[in-house]
Structures are given as C-alpha cells and as structure tokens.
Amino acid sequence: MTGWVTIAGLGPGRDDLVTPEVNAAIAEATDIVGYIPYVRRVADRPGLTKHESDNRVELDRAAHALEMAAGGKRVVVVSSGDPGVFAMASAVFEALENGPENWLSLDIRVLPGITAMLAAAARIGAPLGHDFAAINLSDNLKPWDLIENRLRLAGEAGFAMAFYNPRSKSRPHQFARALEILREACGAETLISFARAVSTPEEAIRTVTLAEATPEMADMRTMVIVGNRDTRRVGDYIYTPRSAS
Ligand code: SAH
C-alpha cells in the first residue's frame with residue numbers, strides 16, 4: 001500500500017463549506033490527524049482511525065502523520081478554515097525539514113479550505129475589498145512586541161486588517177492594548193467588525209467604530225476585521241471601495 005499525507009482545510013464550520021476535493025480525500029483516508037474539535041468534525045466509518053491531539057503539539061502531530069504515511073497509511077491532517085493559514089500545513093513541512101531523509105519522497109498534498117477571514121468578510125459585506133493584512137494576534141509563537149509593531153505599521157500604512165486568535169483567557173489584556181494601538185494608528189472612527197462562529201448555529205456579527213469597541217467583543221471564536229479609512233456602511237452592509245482616497 002502506498003501511503004500519503006494530505007493536509008486539508010475543513011472551512012469555517014458548516015458542512016457545505018467543505019470542498020468536494022477535501023471530502024474525497026477524507027473518503028479515501030485510513031487515518032485522520034488533528035486538533036480535537038477538528039477531528040470530531042469528520043464522520044466515523046469502518047476502517048477510519050481518528051487521532052485527536054491538543055492544539056499545542058502541532059509538530060509532534062505533523063511528525064506522527066508523516067511517520068504513518070511512511071508506513072503505508074493514507075493520512076489526512078485536518079485544520080479548520082484553510083490549512084495554510086496559521087495552521088497545520090507549515091507544521092507538516094517543518095516536521096519534514098527536520099525528519100528522516102525518506103520522508104522527502106512521500107506524496108504530500110495541501111488542499112485549500114475557506115479561511116475564517118473570507119467567510120467572515122462575506123457575511124459582513126466586502127470589508128477586505130482593497131489591500132489588507134492578515135495578522136495572528138496570539139503571542140504563542142512570536143513576541144508580543146512584534147505584534148504591536150505590525151499592528152501599528154499596518155494601520156499607518158492604511159491596510160484593512162483581519163485578526164485571527166484575537167483574545168484568549170490566558171492573555172486578556174493584550175487585545176485591549178491592540179485596540180489602543182489601532183485607535184492611534186487608524187483613527188477612532190474606523191469601523192471594526194466582530195464575526196463570531198461564522199457559519200455555525202452560534203454565529204453572531206456586529207460592527208462598531210474603534211472608539212466604541214471593547215475587548216469583551218472578541219473571544220477565540222471571533223474573527224476581527226478592521227476597515228481602512230474608506231470602509232463604510234451601506235444599508236446593513238460594510239464595504240471597502242476598490243479605489244483608495
Ligand atoms: N486555519 C484557520 C485559522 C486557525 S486560527 C482558518 O484558515 O480559518 C483560529 C482562529 O480562526 C480563531 O481564533 C478565530 O479567530 C478564527 N476562526 C476560525 N473559525 C472561525 C469561525 N467559524 N468564525 C470566526 N472566526 C473563526
């Protein structure tokens with residue numbers, strides 16, 4: 001049996017937002033690997049083994065997937081959204097770089113998914129219609145100083161911004177600091193949208209100005225989108241014009 005590893009994105013939550021290509025790979029898999037809630041989104045069936053792990057062990061999980069594929073298994077590593085956006089695809093390539101030589105000849109594919117930023121933007125209107133920056137606000141894998149610097153520079157440069165992992169219980173003060181920096185760099189009247197659990201039954205979306213925004217409006221299931229200085233409301237929608245003023 002020839003093994004392979006496919007790193008697949010499951011989209012933001014709803015089943016009909018999983019691509020047919022990803023469903024086909026899962027149908028052929030012998031093993032599913034990933035963070036607990038994502039693995040649970042894959043239906044059980046005879047012949048399929050599911051390996052759930054905590055979200056802090058990405059490299060071990062990636063190495064485990066490669067090892068199983070080298071042993072002949074057909075392995076799908078699942079991420080939410082897109083696997084290349086703050087997710088498992090990079091971890092698999094990092095494990096490959098640090099692993100045994102024979103892993104280099106494995107069949108490895110990355111299958112895209114609808115990332116949270118795009119699912120959220122579509123529900124809001126078109127807030128990312130002009131240039132934008134996608135930033136992970138978690139300081140698990142980078143220093144907080146670097147995040148502050150990028151926020152300030154992106155705001156000053158006039159980018160709209162999409163924030164992943166905006167706020168967690170272990171670092172409640174950082175998002176308050178991020179809002180302060182954004183008010184200074186972008187102006188207090190800039191629109192900011194909070195899109196929680198997009199495409200799931202718990203979905204909740206609201207837009208306010210940076211002056212009105214408070215840290216409690218975001219949690220770890222929220223995508224935060226800050227407009228640029230031209231971003232505005234039309235009816236119930238928020239959009240950023242194609243041209244910059
Ligand atoms: N690879 C994923 C992102 C993983 S980081 C992707 O491409 O979407 C996890 C962060 O994504 C969460 O903290 C949250 O900010 C965002 N996120 C994931 N699913 C979401 C959803 N359904 N609604 C809103 N935000 C979501």
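The values are calculated or read from the model by the stated rules, or taken from the named source; none is laboratory data. In this text the structure is predicted, and so the values were computed from the model without any measurement. A quick note on method: Cβ atoms are made from the backbone with ideal geometry, for glycine too, and the neighbour counts reach across all protein chains shown. Heads up: the accessible areas ignore ligands, DNA and RNA and are worked out on the full protein's heavy atoms, side chains in. Shrake-Rupley method; radii C 1.70, N 1.55, O 1.52, S 1.80 Å.
Quick look at the values:
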{"quantity": "Some residue of region 133-153 being of a type in the set (Lys, Arg) and in contact with a Phe, Trp or Tyr (Cβ under 7 Å, 6 or more places away or on another chain)", "calculated": "no"}
{"quantity": "Residue that is farthest from the chain's Cα centre (by Cα) [pool: residues in region 68-94 that are away from the ligand (no atom under 16 Å from the Cβ) and open to solvent by less than 10 Å² (accessible area, probe 1.4 Å)]", "calculated": "GLY72"}
{"quantity": "The lone exception for GLU184 - which of (1) within 11 Å of the ligand (Cβ to nearest atom); (2) part of a helix (DSSP H, G or I) it fails", "calculated": "(1)"}
{"quantity": "Pick from region 159-174, criterion in contact (Cβ under 8 Å) with a residue 60 or more places away in the chain and open to solvent by less than 20 Å² (accessible area, probe 1.4 Å), ranking: nearest to the ligand (Cβ to nearest atom)", "calculated": "PHE163"}
{"quantity": "Identity of the residue in region 214-239, closer than 10 Å to ILE192 by Cβ and open to solvent by 10 Å² or more (accessible area, probe 1.4 Å), that ends up farthest from the ligand (Cβ to nearest atom)", "calculated": "THR231"}
{"quantity": "Selection status of ASP145, out of contact with any Lys or Arg (no Cβ under 8 Å at 6 or more places or on another chain), more than 30 Å from ARG14 (Cβ to Cβ) and open to solvent by 30 Å² or more (accessible area, probe 1.4 Å)", "calculated": "yes"}
